[in-house]
Amino acid sequence: MWALVTGATSGIGAEFTKLLARENYDIILVARDESRLRKSAEELEKEFKIKTEIIVADLSVENEIVKVEQRLLTADSSLAVGVLINNAGYGLKGRFINHTSAAEVDLLNVLVTAVLRLTHAALSNMRNAKSGYIINVGSVAGWLSGSTYSAAKAWVNVFSEHLNADLAKDGITVTSLAPGFTHTEFHQRGGMKMGAVPEFFWEKAPEVVKAGWEGALRGDAIVISGKQYRAVVFLARHLPQKLMRKIQTHRMFT
């Protein structure tokens, strides 16, 4: 059985490739950097004795999304993808008003459009097999007042919750995995200075991935990986929204 992971060469995506390889899945790795993809694929094959494929794709670009869709839509049952991890993502530093609309659209293409389209493409074979797991990597930011990143992650949460209920009868589980701050390349790549964040708020990528996979196997629609963030989400849901906006915790979680 094959699994496909976007954003597969670092952080949460890389940890998902290792976990799934340990579960004896063959892995399709998707990312923008071909050299890193090849290195990651070779390491997985060597360590876990599995098969790998790589797809070089920038998911902000239409024809690059199509390449991944085509692999998910394969008619060859021996190559069908039984697990899809929609992990690729990034954030934009600073205020919405200071970004170009093109940059914001690119962000939405990666965080929303690609998730929707790859999920839809994967469902055909999963439905035929009457089994499948889709994990969409969301964020605690989806419950907090923020800009495009937070709005996109809120969409991921609602989208996943709906599909989890709707596709259960087809044997398919869809889960939104919502971590908080996680030790990955995410903030570095976005040029975000995170030195003021207390160590208590940091999660480790292997623990986040383990929580997400265990939740998917249970059939959970939403997995908030850290107990500290379950408390944050509880407060975000129950404190007055005006107060939450004033606190501006969205600046911490994007």
Take the residue pairs Lys46/Lys204; Lys39/Lys204; Lys46/Lys227; Lys67/Lys210; Lys51/Lys169 and return only those whose Cα atoms are more than 27 Å apart.
Lys46/Lys227; Lys67/Lys210; Lys51/Lys169
Modelling each spin label as a point 7 Å along the Cα-to-Cβ direction, I'd like the Asp76/Ala129 distance in nm, to one decimal.
1.5 nm
Once label points are set 7 Å from the Cα along Cα→Cβ at both Val158 and Asp33, what is their separation, rounded to one decimal in nm?
3.5 nm
Expressed in nm to one decimal, what extension gain is obtained for the pair Leu235 and Ala151 from 0.36 nm per residue of sequence separation less their Cα-Cα distance?
28.4 nm
Which FRET efficiency value, to the nearest 0.05, is calculated for Lys67 and Ile97 with the Förster distance at 30 angstrom and r the Cβ-Cβ distance?
0.35
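We did not get these values from a lab; they are worked out from the coordinates using the rules stated. Only a predicted model underlies this, so the values are computations on that prediction, with no experimental measurement involved. Glycine also receives a Cβ, built like all others from the backbone with ideal geometry; neighbour counts cover every protein chain displayed.
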